[in-house]
Amino acid sequence: MSLITESKDLLPINIGGEMRLGGGDESATLYPATGEVVARLRAPSLADVDEAIARADHAFRTSGWAQRKPHERAAVLYRVASLIRERAEPLAQRQRLDNGKPISETRNLVASAAGTFQFFASACETLEETITPSRGDFMTMSVYEPMGVVAAITPWNSPIASEAQKVAPALAAGNAVVIKPAEATPLMALELAAICEEAGIPKGLISVLPGRGSVIGDAITKHPLVKRVSFTGGTSTGKHIAHIAADKMMPVSLELGGKSATMVLDDADLDHALNGVLYGIFSSSGEACIAGSRLFVARRLYGEFMERLAARAAALRVGDPADERTQMGPLITAKHRESIERYVALGLDEGASVRTGGARPQGGLYERGYYYQPTILEGVKNTDQICQQEIFGPVLVAMPFDNEDDLLAQANDSLYALAAGIWTRDYKRAWRIGRAVQAGTVWINTYKQFSISTPFGGWRDSGLGREKGRLGILQYMEQKSLYWGLNEQPLAWAN
């Protein structure tokens, strides 16, 4: 796979299994570390979208994929996982160019994608349908059927891993999939679709339609042949999709924003808590929906903890994503960095003070890429906008708390309810607070660890539905009940 080139050739996209140029607007994907062009392509036209979905529906109905035995579909998905692993390093390097994440992190994302396909291959071939308890002179069964064409709309912060989380269960269930990757990061979805076809997914069953969400995403979501949408991204867009889905009576999965609370109790192991808090907010440059962006520290520990945390944050290695030692790479775009700078300015206007960071790093490679320092703001109130709005960057707001009631009142005072972290040596306190905090995922004495076997999703403005987990495949299937009459005599009603 190529790295950055000066090629003027436009990159073809996958329209119903055919690699060709889109008929829409031309755009360029940029390497966030330098601003260099990685690839140029044209988005699909609305006619291309219609064609891709029509081809997907045709492939669903005629390719035989949905009718294959579960273990036969599973064998193809195992092959996808194997091919991803065989090409792990070039895929990781391509992912680095796609969104500027450090190479150590992109390797993990590629490994995650392979593991996801392997997991849902297993889920596919072991999924059990049920004979339900009889309530009459008949036998009853509950079975599952694929939906048809489903859409996977994915974000720019974790390409290939995010695509795999949606594509693998959708294919395992027997569906066709239209992928709409983020406009800024289309490359990994195209790579994944090519691998799927090489592994044996029938042609036409997968399309990749990059472009603006307000145009391409809308067209896909509204299309009558699309039977389900799985979306990961911003809350406002997710609500828009939910409105469209309501009009269509179409199910959706929405993984949306977060303003996750991390809570350091007065009996916490401070070394573990320091590392966990740093990793929770500053890994991925804070560009993660589950970033631990609100920090609550027991008041008696607050001074010592914050002094150590600020020193550690200031020492993080911010730099070239290709460097194995880099801990924080650039932000995705110059526009996104400007958004983060506006949020920091807003916090200062509200009375916050900068404990560390709060500016662009200067000199050398920092002048070309979209870098921003790890930033900690103090002197804030949980009701401040800086504490309530998702920033999606390396900005942590820190506050002391006095007791558990105070802690839970503040932690749960948010429109978002995606994730939370608790640091304590007391397992009873961890249980009590973990059950009381309102969040879809709660980490205890760790943070930002994931398992494909464990369901994931949020409450309130953080989304609807759950992905991952063994039963995640059912999100892409319709349940059907079958009744088998066992009566020897005709039904008595007509006699």
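The values are calculated or read from the model by the stated rules, or taken from the named source; none is laboratory data. Because the structure is a prediction, the values reported are computed rather than measured. Note that each Cβ is placed from the backbone with ideal geometry, even for glycine, and that neighbours are counted across all protein chains shown. Note: accessible area is taken over every heavy atom of the protein model, side chains too, but ligands, DNA and RNA are not part of it. Shrake-Rupley method; radii C 1.70, N 1.55, O 1.52, S 1.80 Å.
Taking region 19-44 as the region of interest, how many residues are outside any strand (DSSP E or B) and open to solvent by 50 Å² or more (accessible area, probe 1.4 Å)? Talk me through it step by step, then tell me what you get.
Step one: list which residues in region 19-44 are outside any strand (DSSP E or B), which gives 21-25, 31-36, 43-44.
Subsequent filtering for residues that are open to solvent by 50 Å² or more (accessible area, probe 1.4 Å) retains 21, 23, 25, 36.
Total satisfying the criteria: 4.
Got a sec? Which of 143, 110 is under 21 Å from residue 473 (Cβ atoms) and either in contact with a helix residue (DSSP H, G or I) (Cβ under 9 Å, 6 or more places away or on another chain) or of a type in the set (A, V, I, L, M, F, W, C) (or both)?
Answer to the selection: 143.
Inside region 227-252, can you point out the residues that are farther than 22 Å from residue 156 by Cβ and either surrounded by fewer than 20 Cβ atoms within 10 Å (Cβ to Cβ) or among the aliphatic types (A, V, I, L, M) (or both)?
243, 245, 246, 247, 248, 249, 250, 251
Taking region 297-325 only, how many residues are touching a Ser or Thr at 6+ places or on another chain (Cβ under 9 Å) and open to solvent by 30 Å² or more (accessible area, probe 1.4 Å)?
6
Filter region 89-115 for residues that are touching a Lys or Arg at 6+ places or on another chain (Cβ under 7 Å) and of a type in the set (A, V, I, L, M); which is surrounded by the most Cβ atoms within 10 Å (Cβ to Cβ)?
114
Tell me the residue from 266, 271 that is part of a loop (DSSP other than H, G, I, E, B) and open to solvent by 50 Å² or more (accessible area, probe 1.4 Å), please.
Values: 271 fails: part of a loop (DSSP other than H, G, I, E, B).
So the residue among 266, 271 that is part of a loop (DSSP other than H, G, I, E, B) and open to solvent by 50 Å² or more (accessible area, probe 1.4 Å) is 266.
If residue 278 satisfies all but one of (1) open to solvent by less than 10 Å² (accessible area, probe 1.4 Å); (2) closer than 13 Å to residue 376 by Cβ; (3) of a type in the set (A, V, I, L, M), what's the number of the condition it fails?
That leaves (1) as the condition not met.
With the condition being touching a Phe, Trp or Tyr at 6+ places or on another chain (Cβ under 9 Å), I'd like the helices (runs of 4 or more DSSP H) fully within region 327-444 carrying at least 3 qualifying residues.
Values: elements: 334-349, 385-388, 404-411, 427-436.
Ranges flagged: 334-349, 385-388, 404-411.
Hey, can you tell me all the residues within region 472-495 that are open to solvent by 80 Å² or more (accessible area, probe 1.4 Å) and either in contact with a helix residue (DSSP H, G or I) (Cβ under 8 Å, 6 or more places away or on another chain) or assigned to a loop (DSSP other than H, G, I, E, B) (or both)?
486, 488, 489, 490, 491, 495
Restricting to region 178-198, count the residues that are assigned to a helix (DSSP H, G or I) and open to solvent by less than 10 Å² (accessible area, probe 1.4 Å).
Final tally of qualifying residues: 7.
Only one residue in 410, 389, 385 is over 19 Å from residue 276 (Cα atoms), at pLDDT 95 or above and in contact with a strand residue (DSSP E or B) (Cβ under 7 Å, 6 or more places away or on another chain), so which one is that?
Answer to the check: 410.
Say whether the condition of being aliphatic (A, V, I, L, M), assigned to a strand (DSSP E or B), touching a helix residue (DSSP H, G or I) at 6+ places or on another chain (Cβ under 6 Å) and surrounded by 16 or more Cβ atoms within 10 Å (Cβ to Cβ) is met by at least one residue in region 453-464. Step through it out loud before you land on a result.
Taking region 453-464 as the starting set, the residues that turn out to be aliphatic (A, V, I, L, M) are 464.
Keeping just the survivors that are assigned to a strand (DSSP E or B) gives 464.
Then drop every residue that is not touching a helix residue (DSSP H, G or I) at 6+ places or on another chain (Cβ under 6 Å), which leaves none.
There is no residue in region 453-464 that is aliphatic (A, V, I, L, M), assigned to a strand (DSSP E or B), touching a helix residue (DSSP H, G or I) at 6+ places or on another chain (Cβ under 6 Å) and surrounded by 16 or more Cβ atoms within 10 Å (Cβ to Cβ).
Here is a check on your reading of the model: is residue 291 more than 23 Å from residue 365 (Cα to Cα) and open to solvent by less than 10 Å² (accessible area, probe 1.4 Å)?
yes
Answer with yes or no whether residue 385 is open to solvent by 50 Å² or more (accessible area, probe 1.4 Å), of a type outside the set (Gly, Ala, Ser) and either within 23 Å of residue 237 (Cα to Cα) or more than 21 Å from the chain's Cα centre (by Cα) (or both).
yes
Residue-wise test of (1) within 21 Å of residue 474 (Cβ to Cβ); (2) at pLDDT below 95; (3) acidic (Asp, Glu); (4) in contact with a helix residue (DSSP H, G or I) (Cβ under 7 Å, 6 or more places away or on another chain).
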| residue | (1), (2), (3), (4) |
| --- | --- |
| 211 | no, yes, no, no |
| 214 | no, yes, no, no |
| 217 | no, no, no, no |
| 249 | yes, no, no, no |
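Kindly list the number of the only condition in (1) assigned to a loop (DSSP other than H, G, I, E, B); (2) open to solvent by 20 Å² or more (accessible area, probe 1.4 Å); (3) in contact with a Gly (Cβ under 8 Å, 6 or more places away or on another chain) that fails for residue 224.
Residue 224 satisfies every listed condition except (3).
Any residue in region 326-347 that is closer than 25 Å to residue 381 by Cα and open to solvent by 10 Å² or more (accessible area, probe 1.4 Å) sitting within a Cβ distance under 8 Å of a residue that is assigned to a helix (DSSP H, G or I) and of a type in the set (A, V, I, L, M, F, W, C)? List the pairs, counting only those 6 or more apart or interchain.
343/386; 346/386
Give me a count of the residues in region 411-439 that are surrounded by fewer than 21 Cβ atoms within 10 Å (Cβ to Cβ) and more than 20 Å from residue 397 (Cα to Cα).
Adding up the residues that qualify gives 11.
Cβ-Cβ under 7 Å, sequence separation 6+ or interchain: first residue in region 237-251 and farther than 11 Å from residue 464 by Cβ, partner assigned to a helix (DSSP H, G or I) and open to solvent by 60 Å² or more (accessible area, probe 1.4 Å). Which pairs?
Final answer for the pair search is 244/222.
Could you list, in sequence order, the residues of region 59-69 that are in a helix (DSSP H, G or I) and surrounded by fewer than 16 Cβ atoms within 10 Å (Cβ to Cβ)?
Those that are in a helix (DSSP H, G or I) and surrounded by fewer than 16 Cβ atoms within 10 Å (Cβ to Cβ): 61, 62.
For region 20-41, how many residues are free of Cβ contacts under 8 Å to residues at least 40 places away in the same chain and either closer than 14 Å to residue 210 by Cα or in contact with a Ser or Thr (Cβ under 6 Å, 6 or more places away or on another chain) (or both)?
Going through region 20-41 one residue at a time, the tally reaches 6.
Please go through region 275-293 and pick out each residue that is within 14 Å of residue 443 (Cβ to Cβ), in a helix (DSSP H, G or I) and not aliphatic (A, V, I, L, M).
275, 276, 279, 280, 283
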